[in-house]
Every structure is written in structure tokens, then in C-alpha cells.
Amino acid sequence: MTQMVKMYSQRTNSLLIVMGTIVKIVLHACLLQVPCYSITYSIPLYPNIVQPGIYDVQLSAILPGDTAMFDIPAATMSVTVGQSLTVKDAKLSIVDREQGVAIKELIMQHPEMYKESLSADFHQKIHMSFDIMGSMHEKPIKVHQAFVMLKKKQQEVFFVATPNSENKYTFELDVNSAGKESFGYMSGTYEMSLIIGDFAAENPFVWNIASVSLKFSGEPPAKKAKESRLPKPVINHLFREPDKKASQTMSSIFTVLTVLPILFLLAMWFSLGANISNLFDSGIWGVLFQLGLVGIFGLLFCFWLQLNMFQTLWYLGLLGSFTFFTGNRVLRVKATQKKT
């Protein structure tokens, strides 16, 4: 293979410098004028460049004679050095899952397709190994993309072929485990292809290897019926039935039991001879103090009915301050009455 870089210039002497992606000069030579083309120059990159890749090319020119009046800048461009790829030593085998014995083994020749149909069921595996050779290499190489595709009508399933330490690619398909995850138990004949691609490949290709009939252990899921455009049936919503309430007799008994402690308290006061004659002897302050207590009990009753905690605390602060002040006045009046 001969890679050529062609330059077009009217300058008499030209110099070409080719540098790789790692800063290193890999070629430093003069351009050669192509016969029959007075302004065309070229230089062979091979065998100086032995690795495919992207190279930076710097071209400089020197005019004959006095160059003090001329300042000719160097030109820079990128050149991709590619190579053609091919597959060598390709082997395709049908292997028993449990014993690991090859039931059928084929030696494939790229780019030919195996004419007969292969078959594998859920008791077997499909194993394939191959080398990828480049035109600039004598040993197997790695590429950026190596996929195995199994295609059936509109269904396409892809698997990655992985290389080992010696750059030999292998692919293995366990029909049993891949049946549900990758194929959805869709048994049938699949077209098996190898997809090879690389950024420096001059001929990325798809190799149709063979037709393989796969039989899985399960059945494909039933297809969902297409949704009809007809109106949907009316859904009659049933609201939750209310909880059963207590009977009127039980409600009355509960009310009596709630009021009974208050009646018992009043009865005990009268039996002990509680003296309430001096309840209002403190004048207006006694009346206001009693009104404050009644207001606090009324506030608790409102809290039970409709007020929230924050509202109750706000009103309780006001009523509590009022009741505290009036209670203090009542105590001062009582203390004054005892001294006199």
C-alpha cells in the first residue's frame, strides 16, 4: 500500500513534515515533483508511516535567491492514514450447554455466506471466534466497533464481540438465557451478521455470515389487542358508605356520663357546706375575675368546635392576662379586708 499526500504550489523548493497525534516527527523529507504536472508535488507516506491514524502535515516553501523580502508562512493540514480491514480465521460452532462439546463446527471465509441454515435450541450455545487483520499490520488488531447482529424481519438484536489479550475476538450466545431478555422468546430463523467499523478503516463492512434457526424454551407474550375507537363503558362510581352512627340511646347515656362528674362536684360542695356568700364581696374585681374564668372555659369550648391551636393560644393569652390582673386585685381586696 502506498499513501500519497499531494501538494499544489508554484514554489520551486518545498519541504513536508508529517507529525502524529503524539507530538513526534515521523517524516521529514522534500517533496517530489510529479511528472507531467509542473505545479504538483507528492511524497509517499509508506513505509515511513506504519500506524493508521490522524497526522498533522506542515508544508513550508523556500524561494530561490534572495528571500529577505518574502515571508512565506508554513501551511498546516490534517491527513487521515487509513487501512483496509478483513476477517481471518473465523470459526462458528454450535456447542452443547452442559457438556461444552461442539456439535457442529464451521470454518468461515470472509466475505462468503454459509449457504445452509444452522439450528440451535435452548440446550445449546452459539460460539464464534475471528481475527481482524489490517493492511498495515501483520498481526490481529483491535477495532472500535465489532458487533454481531441477529435480524428477523423488523426485530434486530445486537451483541458485542470482545477481544482477548491476543486481539482475537469471540462471541458467545447462550440461547436459553438470551431467549427472554434479548429475543422475547420469538423463535424462528435469524440472519446472523458481523459488523466491523473503525475510524481509520477504509472499508467498514457488514458480513452476512449465515442463517440460524433459534428455538427458545418459552412462548412469546400474547400480543395486546388494539384499542378500539368505540366509546368506553360508563364507570359508575360508588362513594364510600358512611360509618354507622351510635343509636340515640347510647348517645344519651354518653351525655349523662359526661355531665355526671360536674353534678357530683356540685353535690360534694353542698354536702361539705361550701360557702359562696363571699363570691362577690370583692366588688367589681370579683365580678370581672369570674367573667375571666367563664371566658376561659368558653374559649376551650370554642376550640373544641371550630378554633385551631394558634387561634386558641392567641385568645387565651388575652383572657389569661385579664384574669390574672383581676385575680390579683381580688386578692389585694381580700387582704385589705382581713387587716381591717
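The values are calculated or read from the model by the stated rules, or taken from the named source; none is laboratory data. Quick caveat, the model's predicted, so the values are computed rather than measured. All Cβ positions, even for glycine, are placed from backbone atoms using ideal geometry, and neighbour counts span all protein chains on display. Surface areas here come from the heavy atoms of the whole protein model, side chains and all, with no ligands, DNA or RNA. Shrake-Rupley method; radii C 1.70, N 1.55, O 1.52, S 1.80 Å.
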Item checked: Separation of the Glu202 and Phe301 label points, Cα + 7 Å toward Cβ, nm -> 10.4 nm
Note to self: Number of Lys pairs in the range 112-185 with C-alpha atoms less than 24 angstrom apart, excluding same-chain neighbours closer than eight positions?
What the structure shows: 14
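Evaluate the charge dipole of the range 195-269 about its Cα centre and quote only its size in Debye, nearest 20, assuming +1 on the Cβ of each Lys and Arg and -1 on the Cβ of each Asp and Glu.
Here the range 195-269 has a charge dipole of around 540 debye.
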Check: Per residue, what accessible area does the range 69-146 have, given a 1.4 Å probe and all protein chains present, in Å²?
Finding: 63 Å²
Check: Which loop GluC sites (Glu not before Pro) in the range 67-127, with loop taken from DSSP, have no more than 16 other Cβ atoms within 10 angstrom of their Cβ?
Finding: Glu98, Glu112, Glu116
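Once neighbouring chains are kept in place and the probe is 1.4 Å, which whole percent of the accessible area of the range 70-179 is contributed by carbon and sulfur?
Values: 3170 of 6610 Å².
Carbon with sulfur: 48 percent of the solvent-accessible area.
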Check: Using modelled amide H (1.01 Å from N, peptide plane; none on Pro or chain starts), what sits under 5 Å from the amide H of Ser135, excluding residues fewer than 5 places away?
Finding: Ser84
Checklist line | Cross-link partners of Lys91 among aspartates and glutamates (Cα-Cα below 19 Å; sequence separation of 8 or more within a chain) | finding: Glu105, Glu112, Glu116, Asp131, Glu166, Glu172, Asp174, Glu191
Check: Using alpha carbon coordinates only, what is the Rg to Rh ratio of the range 96-243, with Rh defined as the Kirkwood radius?
Finding: 1.23
Check: How large is ³J(HN,Hα), in whole Hz, for each residue of the range 324-337 in order, when computed from phi with the Karplus curve 6.51 cos²θ - 1.76 cosθ + 1.60 and θ = phi - 60°, using x for Gly and Pro?
Finding: 5, 5, 5, x, 4, 5, 5, 5, 5, 5, 5, 5, 5, 5
